[in-house]
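Novice: Can you keep this structure in mind? I'll have questions shortly.
Each reported figure results from applying straightforward, stated rules to the coordinates on display, with no laboratory input. Just so we're clear, the structure is a prediction, and the values are computed from it rather than from any experiment. Every residue, glycine among them, receives a Cβ derived from its backbone with ideal geometry; neighbour counts consider all protein chains shown.
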Amino acid sequence: MTELQQLNYGGAVTCHAWSKDRNYLAFCPDNHEVHIYKKSGNSYEPDTVLVDHDQVVTGIDWAPNSNRIVTCSQDRNAYVWNFQAGKWEPTLVILRINRAATSVKWSPNETKFAVSSGSKTVSVCYFEDEHNWWVSKHLKKHKSTVLSIDWHPNSIFLGTGSSDFKARIFSAFVKGVDKRPDDSQNPWGAKTQTFGNLLQEWSASGWVHQVSWSPSGQTLAWVSHDSAISFGNTDGSVQSIPMTTLPFRTVLFLNENSVVAAGHDCNPMVFSNNGGTWQFTKNLDDANEGAKGPQGSATGNTRQMWANKVDKGTTSNETTLNTKHQNAISCLSIFQGAPGKVTQFTSSGVDGKLVAWKA
Amino acid sequence: MAAERSDAEYQQSLSERTKLVNNKLNMGNGADALREALQDPPLGCKAQATRDNSVALVIQVLGSVKDADIPKALGTLQTSDLDVLMKYIYKGLESGDSNSNALLKWHAAVTKEGGLGCIVRALAERRTL
């Protein structure tokens with residue numbers, strides 16, 4: 001892995017997103033701002049700050065082809081940003097939610113985006129040319145906060161993960177914007193042609209933190225707070241793997257047979273599909289015992305050791321973790337390779353670091 | 001989600017389980033007794049007594065297994081059994097009785113096998129013992 005840089009000193013990074021050429025990085029340093037950094041040599045330097053939200057920005061997504069950024073925040077709003085005349089111009093989107101937005105994703109064809117929120121709904125937004133604004137439609141049926149969403153490759157099905165302990169698949173088919181889904185990818189037939197139809201529902205034993213579709217759209221992976229990672233297929237079959245580690249917060253499909261999940265253990269873990277059964281493959285962070293943080297002076301260390309002996313009953317002087325990340329990882333993003341053939345991805349988290357990993 | 005089972009069904013399951021467990025304990029087979037005792041936990045059962053008796057049964061088994069035999073007994077359990085055992089251990093620790101010594105020894109051993117994930121699942125379970 002390569003530690004790219006510390007984006008936020010003394011604070012978390014809520015979320016991050018890359019521009020298509022990876023020359024620009026957008027992220028939120030756990031406040032109401034969205035920072036855009038530009039590639040400069042081997043690191044990224046501050047470029048602009050977008051300051052339209054009032055509260056913490058919880059989700060950022062950068063559409064690769066149309067080069068639009070969509071951001072959502074705890075202030076119950078979302079903005080679509082267009083780069084015009086050298087500046088990012090915001091367009092407010094009326095989501096009609098009365099609680100915080102938790103995450104946002106562009107559909108693969110970039111004609112719609114979905115925003116999950118604490119008001120137990122997902123706002124699916126599409127652009128209406130007549131009125132020149134973004135209109136939102138709500139997916140209901142959740143009993144609690146919707147924590148994350150992911151679009152199926154056909155831009156019609158939407159997977160959601162909620163703190164009501166369920167992962168669901170909805171139809172987000174918008175008449176006039178979407179074409180009928182290809183039958184070969186569609187085990188639910190005509191049910192998919194009505195916006196808001198619940199196509200599939202799976203139960204978990206903990207809050208479902210993140211959902212992710214496989215490149216073929218046949219499998220939905222989700223991670224839940226009961227330290228499990230699960231894989232549900234569109235034919236209804238599901239496989240759950242209970243882990244001995246702390247819960248995952250985020251999951252990302254690397255290719256059809258490989259998934260990476262990361263969370264409170266600060267270590268991205270890869271799972272592979274061997275002949276139809278998913279299993280844990282490896283930790284990506286080798287958590288080298290020798291790779292510790294900067295060591296203090298000898299007298300300083302001795303004094304600390306005796307202080308620890310008195311205060312904590314232990315002689316160890318460890319304040320740093322062995323992993324690259326020093327706190328939970330909350331966001332994974334594709335860095336190199338097309339979706340479905342990912343060769344590198346980046347992670348950001350509560351420690352404010354950005355780290356790049358080889359898949 | 002499975003359909004709601006009646007209290008009577010839970011009670012019946014418990015009586016059968018108690019018989020099996022006592023059998024194994026009498027034969028001196030602690031590992032098997034433990035596995036039997038962990039079957040069909042009455043999670044979310046409405047009858048308090050059934051749940052309490054289930055917990056008491058498990059604690060009886062835990063107390064009867066010698067310290068040295070604990071790893072061997074755990075080795076025969078599946079991940080799902082370890083999760084159930086951890087739930088029973090926490091329930092047992094709640095009452096603060098004198099058996100907490102044995103329970104803490106078991107807690108350390110189960111954490112070694114099942115990891116922190118096992119503890120997380122015991123805490124995240126909504127249907128309580």
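Novice: Tell me the relative contact order for chain A as a rounded percent, counting alpha carbon contacts under 8 Å between residues six or more apart. Can you show the working numbers first?
Specialist: Numbers: 959 pairs, mean separation 45.7, N = 359.
Relative contact order comes out at 13 percent.
Novice: While we're on this one: For peptide A:237-245, how many partner chain Cβ atoms fall within 10 Å of a residue's Cβ, on average?
Specialist: Counting Cβ atoms of other protein chains within 10 Å of each residue's Cβ and averaging gives 4.
Novice: Rounded to the nearest 500, what is chain A's calculated 222 nm mean residue ellipticity when only DSSP H runs of at least 4 contribute -39500 (n - 2.57) each, over all residues?
Specialist: Details: 1 runs with 14 residues, N = 359.
That comes out to -1500 deg cm²/dmol.
Novice: Separate question: Please give the net charge around A:Ala63, taking every other residue with its beta carbon less than 12 angstrom from that of A:Ala63, where Lys and Arg add +1 and Asp and Glu add -1.
Specialist: Details: positive: A:Lys20, A:Arg68, A:Lys105, A:Lys112; negative: A:Asp61, A:Glu110.
After counting each charged neighbour, the total is +2.
Novice: If you count, for each residue, the other Cβ atoms within 10 Å and average over each peptide, how do B:90-97, A:111-118, A:137-144 line up from highest to lowest? List each step's numbers first, then the result.
Specialist: Working: B:90-97: 14.6, A:111-118: 25.2, A:137-144: 16.6.
The packing order, highest mean first, is A:111-118, A:137-144, B:90-97.
Novice: I've got another one for you. Using the Cα centre of chain A as the reference point, and only Cβ charges (+1 on K/R, -1 on D/E), how large is the resulting charge dipole? Debye, rounded to the nearest 20. Show your work: numbers first, answer last.
Specialist: On the way: 32 positive and 31 negative charges, 81 e Å.
It comes to approximately 380 debye.
Novice: Moving on. Given 0.36 nm per residue, what is the gain on full extension from A:Glu110 to A:Glu128 after removing their alpha carbon distance, in nm? Intermediate results must be reported in sequence, preceding the final value.
Specialist: Numbers: separation 18, 0.36 × 18 = 6.48 nm, distance 1.39 nm.
Using 0.36 nm per residue and subtracting the Cα-Cα distance, I get 5.1 nm.
Novice: Net charge within 12 Å of B:Arg126 by Cβ-Cβ distance, Lys/Arg positive one each and Asp/Glu negative one each, not counting B:Arg126 itself?
Specialist: Details: positive: B:Lys87, B:Arg121, B:Arg127; negative: A:Asp164, A:Asp226, B:Glu125.
Every neighbour counted, the sum reads 0.
Novice: What is the mean number of Cβ atoms from other protein chains located within 10 Å of the Cβ atom of each residue in peptide B:72-85, rounded to a whole number? Intermediate values should be presented prior to the final figure.
Specialist: Numbers: counts 0, 0, 0, 0, 0, 0, 0, 4, 1, 0, 2, 4, 0, 0.
Mean partner shielding for this stretch: 1.
Novice: Within the set of other residues whose C-beta is less than 13 Å from the C-beta of A:Pro46, count the net charge using Lys and Arg as +1 and Asp and Glu as -1. Show your work: numbers first, answer last.
Specialist: On the way: positive: A:Lys38, A:Lys39; negative: A:Glu33, A:Glu45, A:Asp47.
Taking every other residue near A:Pro46 into account, the sum is -1.
Novice: What average number of partner chain Cβ atoms lie no more than 10 Å from the Cβ of the residues making up B:113-123?
Specialist: Working: counts 1, 4, 6, 8, 10, 4, 3, 13, 9, 1, 3.
For peptide B:113-123, the averaged partner shielding equals 6.
Novice: Could I ask something else about it? Please state the charge dipole magnitude for the stretch A:1-78, taken about the Cα centre, from unit charges on C-beta atoms (+1 on K and R, -1 on D and E), reported in debye and rounded to the nearest 20. List each step's numbers first, then the result.
Specialist: Working: 6 positive and 10 negative charges, 62 e Å.
About 300 debye.
Novice: Treat each spin label as a single point 7 Å out from the Cα along the C-beta direction, and report the A:Ile241 to A:Gln218 distance in nm.
Specialist: Computed distance between label sites A:Ile241 and A:Gln218 equals 1.8 nm.
Novice: In debye, nearest 20, what is the charge dipole magnitude of the stretch B:1-103 about its Cα centre with +1 on Lys and Arg Cβ and -1 on Asp and Glu Cβ, if you could check? Present the calculation step by step, with values, prior to reporting the outcome.
Specialist: Numbers: 11 positive and 14 negative charges, 23 e Å.
Using only the charged Cβ atoms, the result is roughly 120 debye.
Novice: When only C-alpha pairs under 8 Å and at least 6 residues apart count, what is the relative contact order of chain B, in percent?
Specialist: Once normalised by length, the contact order is 27 percent.
Novice: Which of the peptides A:299-310, A:85-96 is most tightly packed, and how do the rest follow, judged by the mean count of other Cβ atoms within 10 Å per residue?
Specialist: On the way: A:299-310: 11.5, A:85-96: 14.3.
Final packing ranking: A:85-96, A:299-310.
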